[in-house]
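S.K.: One structure follows; several queries about it will come next.
The values are calculated or read from the model by the stated rules, or taken from the named source; none is laboratory data. Worth saying up front: this structure is predicted, and the values here are computed from it rather than measured. Virtual Cβ from ideal backbone geometry, glycine too; neighbours counted across all protein chains shown. Heads up: the accessible areas ignore ligands, DNA and RNA and are worked out on the full protein's heavy atoms, side chains in. Shrake-Rupley method; radii C 1.70, N 1.55, O 1.52, S 1.80 Å.
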Amino acid sequence: NTWYQKYKDDPRVEKLQATSPAMNGRKIPLAVIRATDENRPTIYLLNGAGGAEQDMDWLKLSDAVDFYHSKNVNVVIPQAGAFSYYTDWLEEPNGKYLKGPQKWETFLTKELPGPLEERLNASNKRAIAGMSMSATSSLLLAQHNQGFYDAVGSFAGCAATAYPTEYEFLRLTVNRGGGQPEQMWGPMGSDYNRYNDALLNSHNLEGTALYV
């Protein structure tokens, strides 16, 4: 991957690999910028639609490494998950990029933070931010796990998902990975689709610092 070639010899970026039990042991590469000190917050950055697989990632599209290196926070960027919306899918797709169980919310909120933050000797403060596709996801993960994230960033995303136009935006995105929004969240306007509509559930972000 381009990001790996760019940063493979850069000591500021640790290249780790996590395993997701919920996704049948799938191995997920992580790019990590470690805080200078221990007991510091952790920021999770989620990539755009094509992910690191298509160079739609923070390391390729931004100066995140230069910016965060001196900020004394831990930064974690999962370098997989293209077209998945980083969500828990109802059904398993079988496309080029989307194949097998897609349980990204479980991975990002239940499986990864404990062991990784322990390894980083991080504090219990964390933030999540996404761009484009994942600007929807960052809001949803915070809404579904109230109090888990102290701050949320949502940059150039679409919070609503359970309305005709917005649901077709989902289709345009997940189609590129070989999936359908019905496989992801069920029919438009269904309970699970509405649960994953960040505008409908915006009240669940009360008390969270928001950057939109």
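S.K.: Condition first: open to solvent by 50 Å² or more (accessible area, probe 1.4 Å), of a type in the set (A, V, I, L, M) and not in a strand (DSSP E or B). Can you find one or more residues in the stretch 99-109 that meet it? Give the derivation first.
M.R.: The initial filter retains those residues of the stretch 99-109 that are open to solvent by 50 Å² or more (accessible area, probe 1.4 Å), namely 99, 103.
With the extra rule that they be of a type in the set (A, V, I, L, M), the set shrinks to none.
No; the residues of the stretch 99-109 include none that is open to solvent by 50 Å² or more (accessible area, probe 1.4 Å), of a type in the set (A, V, I, L, M) and not in a strand (DSSP E or B).
S.K.: Something else: Can you tell me which residue is surrounded by the most Cβ atoms within 10 Å (Cβ to Cβ) among those in the stretch 52-83 that are of a type in the set (Asp, Glu) and outside any loop (DSSP other than H, G, I, E, B)?
M.R.: Residues of the stretch 52-83 of a type in the set (Asp, Glu): 53, 55, 57, 63, 66.
Next, only the ones that are outside any loop (DSSP other than H, G, I, E, B) stay: 53, 66.
Numbers: 53: 18, 66: 9.
Only one residue tops the list, namely 53.
S.K.: Looking only at the stretch 84-98, which residues are open to solvent by less than 20 Å² (accessible area, probe 1.4 Å) and over 28 Å from residue 120 (Cα atoms)? Working first, answer last.
M.R.: Going residue by residue through the stretch 84-98, those that are open to solvent by less than 20 Å² (accessible area, probe 1.4 Å) are 84-87, 89, 93, 95, 98.
Result: 89, 93, 95, 98.
S.K.: Got a sec? Which of 105, 117, 92 is in contact with a His (Cβ under 8 Å, 6 or more places away or on another chain) and either of a type outside the set (Ser, Thr, Tyr) or modelled with pLDDT of 95 or more (or both)? First the steps, then the outcome.
M.R.: On the way: 117 fails: in contact with a His (Cβ under 8 Å, 6 or more places away or on another chain); 92 fails: in contact with a His (Cβ under 8 Å, 6 or more places away or on another chain).
Unique residue meeting the criteria: 105.
S.K.: Show me the helices (runs of 4 or more DSSP H) found entirely inside the stretch 123-212 where at least 3 residues are open to solvent by 30 Å² or more (accessible area, probe 1.4 Å), more than 27 Å from residue 113 (Cα to Cα) and at pLDDT 95 or above.
M.R.: Details: elements: 133-144, 164-175, 181-185, 191-195.
In the stretch 123-212, 164-175 are the helices (runs of 4 or more DSSP H) which contain 3 or more residues that are open to solvent by 30 Å² or more (accessible area, probe 1.4 Å), more than 27 Å from residue 113 (Cα to Cα) and at pLDDT 95 or above.
S.K.: With the structure loaded, tell me whether residue 78 is of a type outside the set (Asp, Glu) and within 11 Å of the chain's Cα centre (by Cα) or whether it fails that test. Can you show your working first?
M.R.: Working: of a type outside the set (Asp, Glu): yes; within 11 Å of the chain's Cα centre (by Cα): yes.
For residue 78, the condition - of a type outside the set (Asp, Glu) and within 11 Å of the chain's Cα centre (by Cα) - is met.
S.K.: Can you tell me which residues in the stretch 1-49 are touching a His at 6+ places or on another chain (Cβ under 8 Å) and basic (Lys, Arg)?
M.R.: Of everything in the stretch 1-49, just one residue is touching a His at 6+ places or on another chain (Cβ under 8 Å) and basic (Lys, Arg), namely 12.
S.K.: I've got another one for you. Hey, could you check the stretch 7-34 for residues that are open to solvent by less than 10 Å² (accessible area, probe 1.4 Å) and over 26 Å from residue 172 (Cα atoms) and say which is farthest from the chain's Cα centre (by Cα)?
M.R.: Kept after step one, since they are open to solvent by less than 10 Å² (accessible area, probe 1.4 Å), are these residues of the stretch 7-34: 13, 20, 23, 28, 30-33.
Those still in the list that are over 26 Å from residue 172 (Cα atoms) too: 13, 20, 30-33.
Values: 13: 18, 20: 14, 30: 12, 31: 13, 32: 14, 33: 16 Å.
My answer is 13.
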